[in-house]
Structure formats: structure tokens, C-alpha cells
Amino acid sequence: MTAITIYHNPACGTSRNTLALIRNSGAEPKVVEYLQMPPSRDELRSLLSRMGCTVRDVLRQKGTPFDELDVGNPKWSDEQLLDFIEQHPILLNRPIVVTPLGVRLCRPSETVLDILPHAQQGPYTKEDGEVVINSNGRRGPGSGSPG
């Protein structure tokens, strides 16, 4: 069995679509609902390193206390930003997916396709009606050209 982990928020459409694409590849991932069980500071540092991202790269503004806390202010160090995420896990953008092929912030959800070890097993349409995997098992609504 392939080890895949998704840091997931079930209230987020992008996160739900990403989880569905993982499952459409035949994998059943470890689902970490990070608002209930946030990654530790060390886990987060490891994820950031493996993604080649900074803390600022994974901050979420929409639907969070980002503006009220002035998190976008350049005066905050990475350690201080990690403090904010520890206190308010909703500031961490999602979903983050870990597979044997890499770690990615999967926005848009189709980004996960680049790091899944196995191909999609059937068609997949996002919640908003966008065809991601067509009936031929290829990306996009048409004959398989990326879309």
C-alpha cells in the first residue's frame, strides 16, 4: 500500500476535490484534519523544506484572522509566523499532500496528480462541474490534452 497523507479541511472544496482525486487513483490516504490535529512545528518545518516553500508561501488569508493579526506584515520572522499558525491553524493553507513522489500544496486540486504514484482509475469531475479526468482517464474534458 502506498503511503499518502493529506492535511485536510473537510469544509474546503479544494481539499475535498484533492482527497477525491487521491481516492480516484485507488489509494486510501491518511487523512489529517489539521484544524483538530495541527502538524507540530517540526512537522511543518519538514513539510515546508520538502516543498521548497517558506512559511509565507503557505499562509492563507481568506477566511482567517490574517488581516486582524497583521500576519502579512514583513516584520514577522518565520518563527513568529509559525507561532501564529500554532495559535490559529486555519492560517495554514490547504490541502498539503505527502506522497512518495513529493510534497505539494495542492491548489488547484489537480496539482496532486503530479505526485500520485498511480494513475486515475476513472473519470473525475470537481464539485463545481469542471472535468478533471475524462472518461478516457486523461486530464481535461476532451481527448486528453492537459486542461
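Among the residues here, Pro89 does not qualify as in contact with a strand residue (DSSP E or B) (Cβ under 7 Å, 6 or more places away or on another chain), surrounded by 12 or more Cβ atoms within 10 Å (Cβ to Cβ) and modelled with pLDDT of 95 or more.
Would you pick out the residues in segment 40-62 that are part of a loop (DSSP other than H, G, I, E, B) and open to solvent by less than 20 Å² (accessible area, probe 1.4 Å)? Outline the logic, then answer.
Step one: list which residues in segment 40-62 are part of a loop (DSSP other than H, G, I, E, B), which gives 40, 52-55, 60-62.
Val55, the sole residue that qualifies.
Scan segment 92-132 for residues that are among the basic types (Lys, Arg) and open to solvent by less than 50 Å² (accessible area, probe 1.4 Å) and the total you get is 2.
Could you grab the pairs with beta carbons closer than 8 Å, sequence gap of 6+ or different chains, first residue in segment 24-45 and without any contact (Cβ under 8 Å) to a residue 60 or more places away in the chain and under 28 Å from Val131 (Cβ atoms), second one among the aliphatic types (A, V, I, L, M) and assigned to a helix (DSSP H, G or I)? So the pair list comes out as Val31/Leu19.
The values are calculated or read from the model by the stated rules, or taken from the named source; none is laboratory data. No experiment lies behind these values; they were computed from the predicted model shown. So basically every Cβ, Gly included, is an ideal-geometry build from the backbone, and we count neighbours across all protein chains shown. Protein only, heavy atoms only, side chains kept; ligands, DNA and RNA dropped before computing areas. Shrake-Rupley method; radii C 1.70, N 1.55, O 1.52, S 1.80 Å.
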